[in-house]
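Asker: For reference, the structure I am asking about is given below.
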Amino acid sequence: MIVDSNPAASTSPAIQTFNPKLCWYPVCFVEDLPKNRPYSFSLYDEPLVLFQDKEGNLICLTDRCPHRAAKLSDGQITDGKIECLYHGWQFGADGECLHIPQLEANAKIPTAACVK
Ligand code: FES
């Protein structure tokens, strides 16, 4: 049993736990960020990729293709989307898969084919 030795603490706000994924981290200087290719880095052993979309917004995704786990940072930027080097799947700003070249034109892209 835990006894609160400070009765005033019971009226204080709830104790917050530290979540490292809810913090900002310096990754690189904007001037050093490549404009037309992905930038790979890792944070807490999680591989991440950074790239710019068509409007110049910085997009950060997990550096792992949902198809066969290839590094997205080995791919290229095509029309503001990151394109996997291996089979050409393309992903947008929210990690949604926007293009699978092997699918027929009117086929629906599976929702599981997205990047975190
Ligand atoms: S491994 Fe990325 S599209 Fe196949």
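Asker: If you count, for each residue, the other Cβ atoms within 10 Å and average over each peptide, how do 33-39, 21-27, 61-67 line up from highest to lowest?
Answerer: Put in order of decreasing packing, that is 61-67, 33-39, 21-27.
Asker: Near residue 108, which lysines are there with a Cα under 27 Å away, not counting those fewer than 8 places off in the same chain?
Answerer: Output for residue 108: 54, 71, 81, 116.
Asker: Using the count of nearby Cβ atoms within 10 Å as a rough guide to exposure, how do 115, 30 rank from fewest to most?
Answerer: Placing the least packed residue first, the sequence is 30, 115.
Asker: Sorted from largest down, give the three principal axis spans of the alpha carbons of segment 36-116, whole angstrom values.
Answerer: Here the Cα extents, ordered largest to smallest, are 38, 27, 19 Å.
Asker: Between residue 31 and residue 85, what length in nm is gained on full extension when 0.36 nm per residue of separation is reduced by their alpha carbon distance?
Answerer: Full extension from residue 31 to residue 85 adds 16.9 nm.
Asker: Can I ask one more? Treating the beta-carbon of each Lys and Arg as +1 and of each Asp and Glu as -1, no other charges, what is the dipole magnitude of the chain about its Cα centre, to the nearest 20 debye?
Answerer: Values: 10 positive and 14 negative charges, 44 e Å.
With only Lys, Arg, Asp and Glu charged at Cβ, the dipole is about 220 debye.
Asker: What is the fewest-to-most order of 41, 91, 29 by other Cβ atoms lying within 10 Å of their Cβ?
Answerer: 29, 41, 91
Asker: Counting Lys +1, Arg +1, Asp -1, Glu -1, what net charge surrounds residue 46 among other residues with beta carbon under 15 Å of its beta carbon?
Answerer: That works out to +2.
All of the numbers you see were taken from the coordinates with simple rules; none came from a lab. The structure presented is a predicted model; accordingly, all values stated were derived computationally and were not measured. Note that each Cβ is placed from the backbone with ideal geometry, even for glycine, and that neighbours are counted across all protein chains shown.
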